[in-house]
Structure formats: C-alpha cells, structure tokens
Amino acid sequence: MTLSPSRGGLVRPLFVLTILSSAFLLFLVQPMVARMALPRLGGAPAVWNSAMLVYQALLLGGYAYAHWLGRLEPRLQGRVHLGVLLLAALWLPIGLGAMQPGPKALPALWVPWLLVLSIGPLFFAVSAQSPLLQRWFSLSRRGQDPYALYAASNLGSFVGLLAYPLLVEPTMALVGQRLLWSSGYILVGLLVALCAATLPRDRPLQAASPVTSPPPGRRRVAHWILLAFVPSGLMLATSTYITTDIVAMPLLWVIPLGLYLLSFTIAFAQDRTAADIQTRIAPIAILLFGGILVGGMPGLPYLGAIMALALLFLVSVSLHTGLYRLRPAPDRLTGFYLAMAFGGALGGVFSALVAPLLFDWTYEYPILILAAGVLTPHAYLLAPLRWLWATDPARRRILVLAVAAIMIVAVFIMLGNAGTTDSPSSLQQVVLLVIVAVGVLTIGTPVAFGIALFGALVAFGGYQAIAISLEPLARTRSYFGVYTVHGSATERQLAHGTTVHGTQLRGSPARERTPTAYYVPGSGVGQAMQALPTLYGPGARVGVVGLGTGTLACYARPGQHWQFYEIDPAIVRIARDTGQFSFLSRCLPDPTIVLGDARLSLAGAKEASLDLLALDAFSSDSVPMHLLTREAFASYARVLSPRGVLLVHISNRFLDLEPVVAAAAKAGGWQAVTLFYMPSKPVRDAATMSQWIALSRDPATIRLLQARGRGWLPARGRSGFVPWTDGYSTILPLVKGL
C-alpha cells in the first residue's frame, strides 16, 4: 500500500503524530517500570543506576539499529521494522518478569538482566522510531527538512514525562497503566505501518537510499558528541545540585528533565527566532547565574532553584542549537542522531555514576557549567571587540594571557579576604564586579571567556566548597547524596544537603548521650522508647529503619535487643567508624546493623521478632513510597509481635503524610495515634519540631502509650483517600498548599 499523491498533504501530519506518539510511550514507560520494580527490588541506588544504564543502552541500541536499517532499500526498511515491532509485541502486556533475585544476587548485574528480559524488546523497538521515521520522511517527501520532526519527538517526550506523575499515576493502578501502554503500543504500530506505506516503491534496490553527501570528519562527530554530552550531564547534575544544596522538593526531578526535552523542541524548530535569541543571551546567563549558584543561595532557596532551572534551559537550547547548526544532510541523519545518543548516554553516565565516585560534592555541576561556557555558540557582544580580537591570533593570545592573569589575581584576593562574615567585603565586591566585566567583554572568544568563567565559579563561592573538601572527614558522598559534618564546640550536626539528619551535643559524656533533634524525650519516638520497659519488660526487641547519626541508640537499656536497618554504607561509617559522632560508641557499642533496603531486609526477618519498629526514612523530604504501602504494612505486622508498636516519622516540609499512614492503618486493622511535637522556647537540647505516628493492632497498647505520655491524638485520615498499594500510589494530593 502507498499513499496516493492526492493524499500527500497528509504525510507530514502522519509522521508528526507517529513520532510524537512514539516519544510519548518511551517516556511514559520509564517511570512506570520503575514503579513496578520498586516493591520487588527496593530503593537501593544500584537499582536506579542500573535501570538508567539499561534505558540509555537500549536507546543507543535503537539509534544504532535505525542507522543500520537506513542502508536497506526503503520498502525493505519498512518490512523489517514492522517485523521488529511485531516480534516485540510478544512481550505485551508490558510488565516485569516473574523471576526473583536470590539472597546473594548483585543488583548491578541482576537488575539490568531483569529489565532487558522484561521490557528490552519493546523499549528497543520504540526508541528507534524517531531517527528512523525522520529518515523515512526525507525519502517520502524529498526537499522537506526532516529535522523539524525532532521537535515533535521531544514534545511527545515532554508530554509523556509530565503525564505520568500528573495524570496516569494518580488515576490508575499499575494494571490499568500496563493496559494503557500496551494499547498505545498497538496504536503506534498501526501508525508506523501507515508511514511505511508512504515509502517510494519505484526506486531500484541499489539506489534506494542514496548517500551522496560527504561523510563527517572525526572532529565534527566529536563535536556532536560533546554538544550532546554537556546538556545531558547538566540535566542530571542540576537535579542533584538543586535537591542537595537548595531544596529537596518532591517531583523536582521532573522539571529539569522536562526543560531538557523542551530545549530540543526550540532548538530544532523551523522558526529560528526563539533559539537564536536564547543562544545569544546564554553566555551572559552562564557567567552570572553559574557563579552565583556555585556560591550557594541558602537564604533564597526557591530563587536559587529557579535560577538553576533557567540556566539549564538556556544552556540546553544553546548547545542543542549548536547541534542543529552542525546537522548533516538528511542522508546522514541517522548517524547524526547516533552520535547525539552516544553523547547523551555519556553525559548521564558521568553525572549519575562517575561523579559520585570521583567527587565528594556536586563538582560535576560547575565542571559542566564551565564546559557549556566554552562550547556554547559565541557572538561578540560589542562590535569593536570583534574588530580588535577576531582577526588577529596574536591579539587573541594576548587577550587570553591577560584574562588569565586578572583571574589569578582576583581569586587570590577573594581567598585572602575570605573572612568571618557571610557578606562580601567592599574589596571583594569590587573584585566580583571586575570578574563579571571581564567575562562580558570576552564573550565571542571561547577560550578567554572560559578562563573568565572559571574565575567567576571559583571566586563567587567555589573556593568555599573546595575548602570544605580539604577538611578531613568533613564531607562524604554516596549514591544517596552529599553528607556534610559541621558544628562548633557545643554541638555537631550531620546534614544531607539542606536537611539536618542528626545533632549531637558536645562538652561532656552526659551531653553526648542526650537524644536531640527529632528524637528528644518529648517527641513521639522519645515517649515510646521510654515506655518500652512498661510495655514489654526488660527484654524489649527494637528495630529502627534509618540509622542517621545513631541518636536513638541512647534510649537502649541493658537486656534489650536493638537492630538498625540502613541502606547507605556511608551513613554507617559516619555514625560508627569515623568518630565524628559517639551516640553508638557511648550508648550501644556493638550495634546490629543490617545493610540494604529495609523492606527487603524485613521480608526475610522472623515472624514476631520485634516489639517496636521505628521507620525514620522520611526526614530528608524524599519519600520511599514502597515503605508506606498496604503490602509494606502487612510485612511490618508480620515482623512485629501481636502487641507490637510501629512508629512512623512523617515530618516533612512539603508533604502531609498523615493521610497515607492513617489509610494504611485503617485498611490493616491498626490503631493509630499521632504526636506533633513543638519545642519550647528557648530551645533546649537542639530539639526540632517533629511528627510521629504510633500504630498497633492491640488497642490496649495504644491506650497505655497515651496514658504514659502526653499529646497523643487520633491520626487524621482524609475522606476519599485511597490507601497506597504496590500497584497504586501518588503524592500529588499530599503536597502542602495544593
């Protein structure tokens, strides 16, 4: 079948719809499969990093397949790809395989194997369609630019990305999501068949897909890869930087990825006005925003987040515009997209896997900002400078040396005047203005601008990050985040980005054994811990999910058995091995610590082996949703004794988690009471506001806890709120202020 000439006007809308729909499915499946995997695989970082690598590898494989397929005769390309789509359809409806990991299985190896076997063929087939269909369009409609269709592809990706957390996840259980995606796959397959019908039939086999343009050189391909590498890496680095050093708001990861996808839509659009304007202002934004953001904005977190997102968008549009300007002829299209996919994959690997191993802070963020400043297309801001420097290599060398000398002097002045006050001195303010002026004047000369930008990144606050890194044990980084230990002669704190994870008083052994922060005696967990001898006698069995600095260990009494569940080995080292905190060494010198995801660890624990289980995994404003489902609470009920108590810490700056726990309690037959603790004035023992919910299947135990303590009230549910399950959960109704 071939579309008739009279219907030729329908060809472009058909290709746009097909490419948009394919991209929509591709970005809908990623968070969907992650939700499917969460209860089974837990929240270990190896799970998410391995899944990301699988997605990137399959995407790269799909682009390579599309590049190879372009060598075949057009009609044969259509038949082969439709055959691949039909073969992949054997994996419908989409879902994870039934196999389970063994007790000694390595997630870094087992998770990719599970994902490849479960969704690999489907993801591979759909991922190939953006470059492949653009190639088909260039064959079907000669003389029309196929690159504009890439804008439709990324628009579909953007819509799919937003549709999952905003529409699909809140309204559908996983069963319905699987059917929705599978139906979409069938529809896309039919659209691809219609696109294949537009391919020319009257061309000889050997001349079906002629490649007549000269091949790109190695430098050009390397340039493509770099231009794709930096925005991809910066997108992930921005997410890490914002949630680590600015604000750990739920769903914030969606915004950087969405802006990254939108940048392609602008950069590859037929109307070049928006792309050209943003490319021209990008160097100024990189110079100003980059320096300020690296210095941090602790007093204005939301403004800092907005600036970081704006910078990411401008950089992405600028560098992707550079890609568009360097695009080859349509007959080299698939190779171009293959290089882009390779660069994007490298950027993701650098920011998600390599950077946490190499750096103790989010140094990948300023490194990528610096790379963006050098790579972004430059235009001279002032015409006289173009005349002065553009045509004379000797003058450009003098400019580079002069800028380097100015930046060295400026940085030394900033370091020498790094005083005790938070605000910069008058001399420092003058130096910062000089750096900005030099940076603006060098726009148009990438090397000189890069040197000026490096000076700005260091002088505006980068030196402070370097100074902390030089302090022994002051900062530790793992796949879960950046941990900083700081304090004074009277107290020491552990912070995860902007969130305090523990505080210890200093000065005497008694002060060091004092529970602080969310765990003071008046808090919900403090009252429950003090009630242990009354509730369960001298041999109470206690489990704690989330070690932190080990503060809760100071409630332990002789004869009790305590066990901690901690997912991050870095936290264990800080709390137990480095000597920075002494809660464990002074109160529980030989603790039992189980490493790994708590839900998976508890699934293997003995029945009725605990009297009290405290869940303290939510204080960083990032919610491990698989720990709050009905299935998770059923696991807790199995591990707890019939009179056991479950304590859930729900303090959160952005989410109201009380309806989640209350709904799970009602569904599971638990009695639930909550205690909102507000420290008195003046604050003693570094007390922090906190909210804990206590649950038990024995009403008498809850009544006894209420009688011994004070402030316990029935947990408040929410009318119409559906309990979370492994197949359904959403945080949108819980966002405070909505």
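Observations on the model:
- Check on D577, of a type in the set (D, E, K, R), within 35 Å of the chain's Cα centre (by Cα) and closer than 19 Å to L473 by Cα: yes
- Selection status of R7, modelled with pLDDT of 75 or more, charged (D, E, K, R) and either out of contact with any strand residue (DSSP E or B) (no Cβ under 9 Å at 6 or more places or on another chain) or in the same structural domain as F124 (by TED's automatic domain parsing) (or both): no
- The set of residues in segment 642-671 being over 28 Å from the mean Cα position of the chain (by Cα) and either of a type in the set (D, E) or assigned to a loop (DSSP other than H, G, I, E, B) (or both) consists of G669, W670.
- Residues in segment 56-76 that are outside any helix (DSSP H, G or I) and of a type outside the set (K, R): G70, L72, E73.
- Total residues in segment 488-541, condition among the hydrophobic types (A, V, I, L, M, F, W, C) and within 30 Å of Y241 (Cβ to Cβ): 4
- Elements of type strands (runs of 3 or more DSSP E) in segment 487-593, at least 1 residues being among the aromatic types (F, W, Y) and either at pLDDT below 95 or in the same structural domain as M678 (by TED's automatic domain parsing) (or both): 561-566
- Counting the residues of segment 290-328 that are more than 23 Å from the chain's Cα centre (by Cα) and modelled with pLDDT under 85 gives 1.
- Test: residue in segment 371-390 that is of a type in the set (F, W, Y), part of a helix (DSSP H, G or I), at pLDDT below 70 and over 30 Å from S239 (Cβ atoms): yes
Results for (1) within 30 Å of the chain's Cα centre (by Cα); (2) surrounded by fewer than 17 Cβ atoms within 10 Å (Cβ to Cβ); (3) at pLDDT 85 or above, shown as yes or no for each residue.
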| site | (1), (2), (3) |
| --- | --- |
| A98 | yes, yes, no |
| P103 | yes, yes, no |
| L109 | yes, yes, no |
| L115 | yes, no, no |
| F123 | yes, no, yes |
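- Only one of the numbered conditions (1) touching a strand residue (DSSP E or B) at 6+ places or on another chain (Cβ under 6 Å); (2) crowded, with 19+ Cβ neighbours inside 10 Å is violated by Y519, and that is (1).
- Exactly one residue among P301, P328 is closer than 19 Å to A465 by Cα and touching a residue at least 12 places away in the same chain (Cβ under 8 Å), and that residue is P301.
- Scanning segment 475-504 for residues that are among the β-branched types (V, I, T) and without any contact (Cβ under 8 Å) to a residue 60 or more places away in the chain yields T484, T490.
- Any pair with Cβ under 8 angstrom, 6 or more apart, that starts in segment 393-406 at a residue that is on the phi < 0 side of the Ramachandran plot and exposed (fewer than 14 other Cβ atoms within 10 Å of the Cβ) and ends at one that is assigned to a helix (DSSP H, G or I) and of a type in the set (A, V, I, L, M): R395/L388
- Residue check for L346: under 18 Å from the mean Cα position of the chain (by Cα), modelled with pLDDT of 90 or more and either on the phi < 0 side of the Ramachandran plot or assigned by TED's automatic domain parsing to the domain that holds S130 (or both): yes
- Selection count, segment 454-484, where residues are modelled with pLDDT of 80 or more, surrounded by 17 or more Cβ atoms within 10 Å (Cβ to Cβ) and assigned to a loop (DSSP other than H, G, I, E, B): 0
- Within segment 648-670, the residues that satisfy the criterion of being in contact with a strand residue (DSSP E or B) (Cβ under 8 Å, 6 or more places away or on another chain) and of a type in the set (G, A, S) are S651, A662, A665.
Results for (1) closer than 22 Å to S635 by Cα; (2) basic (K, R); (3) in contact with a helix residue (DSSP H, G or I) (Cβ under 6 Å, 6 or more places away or on another chain); (4) modelled with pLDDT under 90, shown as yes or no for each residue.
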position	(1), (2), (3), (4)
L655	no, no, yes, yes
A665	yes, no, no, no
L675	no, no, yes, no
V683	no, no, no, yes
R703	no, yes, no, no
G709	no, no, yes, yes
G720	no, no, no, yes
G727	yes, no, yes, yes
L732	no, no, yes, yes
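- Checking every residue in segment 632-648 against the condition of being among the β-branched types (V, I, T) and surrounded by fewer than 23 Cβ atoms within 10 Å (Cβ to Cβ) gives at least one match.
- Answer residue from segment 164-177, given it is surrounded by fewer than 20 Cβ atoms within 10 Å (Cβ to Cβ) and under 17 Å from P256 (Cβ atoms) and is farthest from the chain's Cα centre (by Cα) among those: L166
- Leading residue by the ranking (nearest to the chain's Cα centre (by Cα)) among those in segment 191-221 that are exposed (fewer than 10 other Cβ atoms within 10 Å of the Cβ), modelled with pLDDT under 70 and of a type outside the set (S, T, N, Q): A207
- Summed over segment 672-706, the residues that are surrounded by fewer than 20 Cβ atoms within 10 Å (Cβ to Cβ) and in a strand (DSSP E or B) give a count of 1.
- Close Cβ contacts (under 6 Å, 6 or more residues apart or on different chains) running from residues in segment 441-453 that are surrounded by fewer than 22 Cβ atoms within 10 Å (Cβ to Cβ) to residues that are part of a loop (DSSP other than H, G, I, E, B) comprise G444/H378; G444/Y380; P446/H378.
- For the condition closer than 30 Å to T730 by Cα, modelled with pLDDT of 85 or more and out of contact with any Leu (no Cβ under 7 Å at 6 or more places or on another chain), L252 does not qualify.
- Checking each residue in segment 596-628 for being of a type in the set (S, T, Y), assigned to a loop (DSSP other than H, G, I, E, B) and at pLDDT below 90 picks out S619, S620, S622.
- Check on P714, surrounded by fewer than 18 Cβ atoms within 10 Å (Cβ to Cβ) and over 24 Å from Y636 (Cα atoms): no
The values are calculated or read from the model by the stated rules, or taken from the named source; none is laboratory data. This one's a predicted model, so the numbers in the text were calculated from it and none came from an experiment. As a convention, Cβ positions derive from the backbone with ideal geometry for all residues, glycine included, and neighbour counts pool all protein chains shown.
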